[in-house]
1. Could you calculate the contour length gain from residue 50 to residue 31, that is, 0.36 nm times the residue separation minus the distance between their Cα atoms, to one decimal place in nm?
2. Which sequence of 147, 187, 75, 166 reflects their accessible areas, 1.4 Å probe, from the largest down?
3. At a probe radius of 1.4 Å, what is the per-residue accessible area of residue 212, in Å² to the nearest 10?
4. What figure, in Å² to the nearest 10, do you get for the accessible area of residue 14 with a 1.4 Å probe and non-protein molecules left out?
5. Could you sort out which of 24/161; 22/50; 104/197; 16/164 sit more than 28 Å apart by Cα distance in this structure?
6. Give me the distance in nm between label points sitting 7 Å out from Cα along the Cα-to-Cβ direction at residue 18 and residue 111, one decimal.
7. With a 1.4 Å probe and every protein chain left in place, tell me how much accessible area residue 17 has, in Å² to the nearest 10.
8. For region 71-198, just say rounded, prolate or oblate: build the C-alpha gyration tensor, square-root its eigenvalues into a ≥ b ≥ c, call rounded for a/c under 1.5, and beyond that prolate if a/b exceeds b/c, oblate if not.
Amino acid sequence: MNHTKECFPIFIISLKHDIDRKEKIISLLNQYNIQYDFIDAVDYRTDAYKNIKDNVSVNSNSSYGSMTDPEMACTLSHLQAYQKIIDEGLEWALILEDDVTFDKRLSQVLSALSENRNLLTMGTSYVLGGQEGTSDYQLFGLSLFKTVNIGNVLFRKATYKKHKVTRACCYIVDERYCRTAIKLFETHGFFLIDDRKILFDNNVMSHIYFTDIVTHPLVCQSNSHIENSRIEKNKELRVKTRSNIMAWLMRLRYKIRVLLGSFE
């Protein structure tokens, strides 16, 4: 599809052979009359992926952790979407993964943005949800005062622990974000595409605004290659255990800090 100024661009990342997921999300998009383009995801089981991997280093900064093949393929898939945004000269675009679900509120956001791109601020990424089941869910603070209303959907600025807004299943980015992320890959090698710590550290973006209108399924070994690979990777890790009292105090501290972050 050729994008027009009237239509806010949407790219759906999906494995070419995953017909069931495609059909489900197409049905949902059509229900709300949302136009879209598919981006063929990179399959880590293919020779094409292996050739790319052999010529790219893993990010040398050990603080970002090691990566599995499905995670690297996921990064490459999103970078392809970024390149398409650049090639088409798009100022902004929404990127979705093919296993998300949503309701009419997404259509409202897209309709508002189709009429007025100025509702968005350059240097900011807008995350539309997808936090269910993540270890960092609800560990970040959202401002009560720094908000933006897009199509009667309220986005709140992430304040405390903003890098803990994870997953890359539903987010809006600008062209500069795409160029900077691709440059980071070229200079530093592979990085987790949803590791917003590295994205903040390298000025890929300056701010995150968050709303919770898109749902990602709870991941498990049966529905996620990435989850399988992470379980395998973490088999040898020793998990630090805390007493019940210490664990309760840690949760309380986080909740207090998240609450304080809402007043920033």
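1. Result for the pair: 3.0 nm of gain on full extension.
2. Order by accessible area, largest first: 187, 147, 166, 75.
3. So the heavy atoms of residue 212 present about 70 Å² to solvent.
4. 0
5. Details: 24/161 34 Å; 22/50 25 Å; 104/197 31 Å; 16/164 30 Å.
With Cα atoms farther than 28 Å apart: 24/161; 104/197; 16/164.
6. Distance between the two pseudo-spin positions: 2.9 nm.
7. Approximately 110 Å² for this residue.
8. Oblate shape, in that a/c is at least 1.5 and b/c is the bigger or equal ratio.
The values are calculated or read from the model by the stated rules, or taken from the named source; none is laboratory data. Not measured: the values here are computed from a predicted model. Heads up, the Cβs are rebuilt from the backbone with ideal geometry, glycines too, and the neighbour counts pull from every protein chain shown. In case anyone asks, the SASA skips ligands and DNA or RNA and just uses the protein heavy atoms, side chains included. Shrake-Rupley method; radii C 1.70, N 1.55, O 1.52, S 1.80 Å.
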